[in-house]
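The values are calculated or read from the model by the stated rules, or taken from the named source; none is laboratory data. Quantities reported herein were computed from a predicted structural model and do not represent experimental measurements. With ideal geometry, Cβ positions are generated from the backbone for all residues, glycine too; neighbour counts draw on all protein chains shown.
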């Protein structure tokens, strides 16, 4: 499956009160959408990182 | 002596010895989950192979050819099984390029493989058994990929002899296959964690980049051999698979039938799909900041922090009048990266001022459509 886009999503940390990236919205070609945690044990996140390292994907900043 | 007269007293104490049975685990012996294709949380209808999970639980469908194939549930099975998985070529590729492939595979979690003692001189032999059926006869391959430390691979050939006929195959894989010592050396070890342990694959087509020697471990990408048929060469080609069992020892024992509930629970460690219909409330809500927040109970501990996807028509029910407002971008939140084995997920939605206002309190997630019916889902994925 080819990745169409990846964008960070942010939330306010309830302890620090700071806004921080919490996960990545991953959209595949064809429209399948996943909210991906920033966890190396997660297969979607690992694939995103692999493609970023290969220079074939850029994660967009959060809105 | 008639068999009916043989009791334990008639069996000499030395006739059945511990060494004879020590390597044959008598319970939970099958290292494969959903080997008899009982559980189908994602889909049962024909779905295109996409180098990921598509239909039957725990099985993934790799494909990088110029053709295409689908996987689907089938009731054409060997005796004693309800389902098989059927792969069907939908676009043919008569010439597989060097880097192309098609195969069906399952990733086994590393901490479930510690009894193999890989990485030591005591590494165990494995035996694979399975039932297979295809219109296309010839030589096929299975592969094991041991990923931790140094990745080692082994392809093993087998033959489908009779077209359109269920055949049982048995393959024994020793840790020193091909007179190698890769698996018995320290780099053959499998880490005792929740990551990749071993991949078991069933080859359908392998380009020359992946060709190795049958029944020989190597550190190269030898997933198959040059003798593997090109199953992708015709849209008439199908491939059925069921009762897959991988066990410690040099003997294939009868397939271990587990209850549906047991097998589903094993699958849900890697994928939990909660289907629900209109007005069903699947989890309770809370007001936190400007986002709807929910606690979703998980039936079993998940392997890792999961990704989340959702179907259409998921709403927040937010007051006693039954008012609803849409909820998008559901994501598992506020759990540490190493937070595994959790049995509940805290889910946050995208910003929605209606759901989060002081007078509107999120009561729960529900399904709705103005047409009067709606079937939707929340899906959590912690697959390897």
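Summary table below
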read-out: Failed criterion for residue A:47 (all others in (1) surrounded by 14 or more Cβ atoms within 10 Å (Cβ to Cβ); (2) more than 7 Å from every other protein chain (Cβ to nearest Cβ); (3) not in a helix (DSSP H, G or I) hold); value: (3)
read-out: Of all residues in region B:164-206 being more than 24 Å from the chain's Cα centre (by Cα) and in contact (Cβ under 8 Å) with a residue 60 or more places away in the chain, the one that is nearest to the other protein chains (Cβ to nearest Cβ); value: B:187
read-out: Residue check, residue B:366 buried (at least 18 other Cβ atoms within 10 Å of the Cβ), more than 14 Å from chain A (Cβ to nearest Cβ) and more than 19 Å from residue B:266 (Cα to Cα); value: yes
read-out: Selected residue (criterion: surrounded by the fewest Cβ atoms within 10 Å (Cβ to Cβ)) from residues of region B:369-384 that are in contact (Cβ under 8 Å) with a residue 40 or more places away in the chain and in a loop (DSSP other than H, G, I, E, B); value: B:372
read-out: Number of the condition not met by residue B:301 [criteria: (1) in a strand (DSSP E or B); (2) within 14 Å of chain A (Cβ to nearest Cβ); (3) free of Cβ contacts under 8 Å to residues at least 60 places away in the same chain]; value: (1)
read-out: Residues of region B:234-251 that turn out to be buried (at least 18 other Cβ atoms within 10 Å of the Cβ) and not in a strand (DSSP E or B), as a count; value: 1
read-out: Residue B:152 being touching a helix residue (DSSP H, G or I) at 6+ places or on another chain (Cβ under 9 Å) and buried (at least 16 other Cβ atoms within 10 Å of the Cβ); value: yes
read-out: Test: residue in region B:274-284 that is in contact with a helix residue (DSSP H, G or I) (Cβ under 8 Å, 6 or more places away or on another chain) and surrounded by fewer than 17 Cβ atoms within 10 Å (Cβ to Cβ); value: no
read-out: Within region B:304-346, considering residues that are more than 12 Å from chain A (Cβ to nearest Cβ) and in a strand (DSSP E or B), the one modelled with the lowest pLDDT; value: B:344
read-out: Tally, over region B:208-228, of residues that are surrounded by fewer than 21 Cβ atoms within 10 Å (Cβ to Cβ) and over 12 Å from residue B:154 (Cβ atoms); value: 5
read-out: Count - residues of region B:261-298 that are in a helix (DSSP H, G or I) and closer than 23 Å to residue B:367 by Cα; value: 1
